[in-house]
Amino acid sequence: MAYYLNSEAHLDPGPIYVRENGQLHMVNLALDGVKNSLQKPRPFRLFPKGFSVELCMNREDDTAQKEKTDHFIFTYTREGNLRYSAKSLFSLVLGFISDNVDHIDSLIGFPEQIAEKLFSAAEARQKFTEPGAGLRALQKFTEAYGSLVLCSLCLRNRYLVVAEKLEEIKSFRELTRLDLSCCWLGDEHELLEHLTNEALSSVTQLHLKDNCLSDAGIRKMTAPVRVMKRGLENLALLDLSCNPEITDAGIGYLFSFRKLNCLDISGTGLKDIKAVKDKLRANIGLVHSKVPLKEFDHSNCKTEGWADQIVLQWERVSAEAVRQRKNVEPRKAAQYFYQNQARTEVTRKCPLAETHMNSSGKLQFYREEAPDCHEPLLSQESKKSKKRAFEESEQEQSSPQSAKQKCVCLAVEDWDLLNSY
């Protein structure tokens, strides 16, 4: 009894009554160090005073709390009761690997069905948005699965994503369609040089509308194809519209794209448009279209592959980073990154991009032999004469003398550019 009374951890039993001589008396325990329960009743508590679930959740370590609940799946029954079930061993292992995906040595030879689930699990945890670790993880997937990760990339007007995630964008391989319209790259941008890399030799559709390009940028982009027959040699569609610094001389560099089927040079700085039309038809067989081509409406170029949602995550992260920068507008931040001079609103706005613009201002070209022709077929005689003229030009270019002259005509800038590869 004495141990019970002196213990600090005992539960308060409440007032104790004793019947004596027909009367009910309460036992007074104040002398033993316990306060009278009638004067100050002590309520029964299951938890200590000051306890709350919210405070305990905040005091818990986030990683430890996640480990406690990550192994279960919580659902509700029809009656509204909470029910949980244990996850499968495969799901637990998949979650653990996705949390540490940046530490994987290589995924080459790993089954692509499991790799896709691993990629989705890492994407749900936003591992690819983490600086440093996200790039290492993405490189493991792209080097092993190539076009499955991404076969088409649309970065139209996403200059902030290009600025913040340049290395991640350069890690993509085996792309077939790439849209960089309205990104204001300029001639000296690192991404423009990356287009000549062998990793992007699979690109067949390239959109470079409104990117501050000039003849120097076109010369740099076509140098590997013109001399070493590598780079964008499989290019079939090219959009160079709304680049007013491209002149007649820059169009001449495009003759090295022998597989080109569609070309848009609207809004460029051409002087002699008729001469350019004749050269394009004589050298690579492209004729001017009288109606706008559907290939340049940008509806076909979309982000496709496992990483299609990652681009959207990058866009949200980049926009949030810009909002946190005080007194810096997104447009000015992109211009600072590209090291370009501030452009006026007149040059930012492409006059030929207006939907109500007359189609006669379009300078879009297509190959007559292409299946989707927008022009009526030429007569049989004109086809034969054109074919003979084309074969003669091919023979002249394939002759040793002409090849020798072609090598001699290389400028010093071309040799310096080639030596940089």
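Taking a point 7 Å from the Cα of A321 along the Cα-to-Cβ direction, the residues of region 159-181 with backbone N closer than 12 Å to it are 160-169. Across the alpha-carbon atoms of region 72-146, the computed radius of gyration and Dmax are 15.4, 50 angstrom. Expressed as a whole percent, the accessible surface of region 191-313 that belongs to carbon and sulfur atoms is 50, based on a 1.4 Å probe. First measure r as the distance between the Cβ atoms of K290 and I97, then evaluate 1/(1 + (r/R0)^6) with R0 = 56 Å and state the FRET efficiency to the nearest 0.05. Efficiency, rounded to the nearest 0.05: 0.50. Spin-label model, R83 to L166: label points 7 Å out along the Cα-to-beta-carbon direction sit 5.5 nm apart. Rounded to the nearest whole angstrom, the semi-axes of the ellipsoid equivalent to region 117-188, taken from the Cα gyration tensor as √(5λ), stand at 22, 15, 11, largest first. Applying a threshold of 23 Å to the alpha-carbon distances of K277/K302; K209/K290; K209/K259; K209/K277; K271/K302 flags K277/K302; K271/K302 as lying beyond it. Report note on the peptides 78-86, 283-291: ranked by the mean count of other C-beta atoms within 10 Å, highest first, their order is 283-291, 78-86.
The values are calculated or read from the model by the stated rules, or taken from the named source; none is laboratory data. Since we're looking at a predicted model, the values are computed, not measured. Quick reminder, even Gly has a Cβ in these numbers, built from the backbone with ideal geometry, and neighbours come from all protein chains shown. Surface accessibility is based on the protein's heavy atoms, side chains included, excluding ligands, DNA and RNA. Shrake-Rupley method; radii C 1.70, N 1.55, O 1.52, S 1.80 Å.
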